[in-house]
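The values are calculated or read from the model by the stated rules, or taken from the named source; none is laboratory data. Just so we're clear, the structure is a prediction, and the values are computed from it rather than from any experiment. No Cβ is skipped: glycine too gets one built from the backbone with ideal geometry, and neighbour counts run over all protein chains shown.
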Amino acid sequence: MEKLNIQKHIEYFRRTRESLPQEVHSSYMTVLFFIISGNDILSQKDDLPKDEIIDWVYRQQVTQAPYAGFRANPSAEILTQTPWDYASLASTYSALCILKILGDDYSRVAKNQIIISLSQCILEDGSVVSHYGGIENDMRFVYCACAICYLLDNWNGIDKDKITRFIASCQSYEGSFAISPGLEGHGGATYCALSSLYLMGRIGLLDKENGVIDDSLCEFSFDRKDKLIEWLVMRQGLGFSGRSGKAPDTCYGYWVGLSLCMLGASEYVNRLENYEFYSECQTVYGGFSKYPGLKRPDFTHSYLGLCAVGVLGIDGVKKLFAPIGIDENLF
């Protein structure tokens, strides 16, 4: 069995610095987050051009509510003060993580405007749209909203009860969570649901004795914690998959592995088989591919795969604060 070569991954993430910051990727703020955090959890961030990156991130800030937050990339800068210059929740979450990793104190963050803008993204059913005026609303953006509120230490923008009812409505008969009500349970959506509950201080609702939310509108009960843990464990073979009947994929060691950590069930992670899986997914260039046998790494699977290796407790890879997905020592 090939061993994980941490030095290869250090070299891979170090090479990515040469492209910082790029301005062409449609979701560059998220790509930048993966690069910065990847360097950090490999204990390599000290060589990053921190001031340059922090200044670039702040140049992507939109300060006018209800569009406030951070852009995904600079392409809309020329549209400043127009409705087409808007932030997204995903890029705002990514930007705040980058700033925190690099030691910024958020003193230049337009905190109040971001919270006001975020409040305009909450729909009546408790789901959240990707940005003000957006048309996508699902569990991904519920998570982004909760992560932003946690990082800014300001929950004035959301109704926790409404958000919690939406999360409960997405729990499937298997115990897992779907991206929207009535859909199939999914590893990524389950992570987003659990992280949101954790950040709101409500993950205890998954325990039967605490699991009822009751008000004049409706009642939802979280009562499938044991089934949820079983579903997560059953996603495990040689690596983790995201749904029943799917092949293992490097990114699901993050989504599923960290979900088990939040549930206090990390002892069910098969470290030996996962170590073998990630060893087979690392490439000769460093980084990870999506599946074993692929020859090229990509940013997403390299970062999420590296985080998943951290779940295994491998020397040289920092462990994460599971519900935010960055170094636990930052909190």
Looking at (1) in the same structural domain as S117 (by the TED database); (2) free of Cβ contacts under 8 Å to residues at least 60 places away in the same chain, find the lone condition where Y150 falls short. (2)
Between E273, E267, which is more than 16 Å from the chain's Cα centre (by Cα), closer than 22 Å to H186 by Cα, in a helix (DSSP H, G or I) and without any contact (Cβ under 8 Å) to a residue 12 or more places away in the chain? E267
Considering region 287-304 alone, what residues qualify as being in contact with a Ser or Thr (Cβ under 8 Å, 6 or more places away or on another chain) and in a loop (DSSP other than H, G, I, E, B)? G287, S289, K290, Y291, L294, K295, R296, P297, D298
Residues of region 181-207 being in a loop (DSSP other than H, G, I, E, B) and out of contact with any strand residue (DSSP E or B) (no Cβ under 8 Å at 6 or more places or on another chain), in sequence order, are P181, G182, L183, E184, M200, G201, R202, D207
In region 37-50, residues that are in a helix (DSSP H, G or I) and within 19 Å of K8 (Cβ to Cβ) total 7
Kindly list the number of the only condition in (1) outside any helix (DSSP H, G or I); (2) of a type in the set (A, V, I, L, M); (3) at pLDDT 95 or above that fails for L4. (3)
Going by the conditions given, is Y150 among the aromatic types (F, W, Y), out of contact with any Phe, Trp or Tyr (no Cβ under 6 Å at 6 or more places or on another chain) and surrounded by 16 or more Cβ atoms within 10 Å (Cβ to Cβ)? yes
Starting from region 57-70, take each residue that is surrounded by 18 or more Cβ atoms within 10 Å (Cβ to Cβ) and list its partners that are among the basic types (K, R), counting only C-beta distances under 7 angstrom and pairs at least six apart or across chains. Q60/R71; V62/R71
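Considering each of I148, I167 in turn, give the residue that is within 24 Å of K225 (Cβ to Cβ) and of a type outside the set (F, W, Y). It would help to see each step written out before you state the result.
On the way: I148 fails: within 24 Å of K225 (Cβ to Cβ).
So the residue among I148, I167 that is within 24 Å of K225 (Cβ to Cβ) and of a type outside the set (F, W, Y) is I167.
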Counted residues in region 281-290 being within 25 Å of Y28 (Cβ to Cβ) and surrounded by fewer than 24 Cβ atoms within 10 Å (Cβ to Cβ) come to 5
Kindly provide the set of residues from region 107-128 that are within 20 Å of the chain's Cα centre (by Cα) and either in a loop (DSSP other than H, G, I, E, B) or touching a residue at least 40 places away in the same chain (Cβ under 8 Å) (or both), ordered by number. I114, I115, L118, C121, I122, G126, S127
